[in-house]
């Protein structure tokens, strides 16, 4: 009986570790893209502001 409990805890721990690893890898893959999107958005806003300042 104790062996089944230990096996269940081992399986649960392994699943949590695997899910955590995939989440960490996923964040490292998507974070640079999010940072780039923020920079592009900021630059687009800056261009829009500069265009509105130009005399017509």
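General remarks:
- Estimated from helical segments only, the mean residue ellipticity of the chain at 222 nm is -35000 deg cm²/dmol, where each DSSP H run of four or more residues counts as -39500 (n - 2.57).
- If you look at the Cα atoms of the chain, you get an Rg and a Dmax of 24.3, 83 Å.
- Nearest 10 degrees, 0 to 90: helix 2-53 Cα axis against the chain principal axis: 0 degrees
We did not get these values from a lab; they are worked out from the coordinates using the rules stated. The structure presented is a predicted model; accordingly, all values stated were derived computationally and were not measured.
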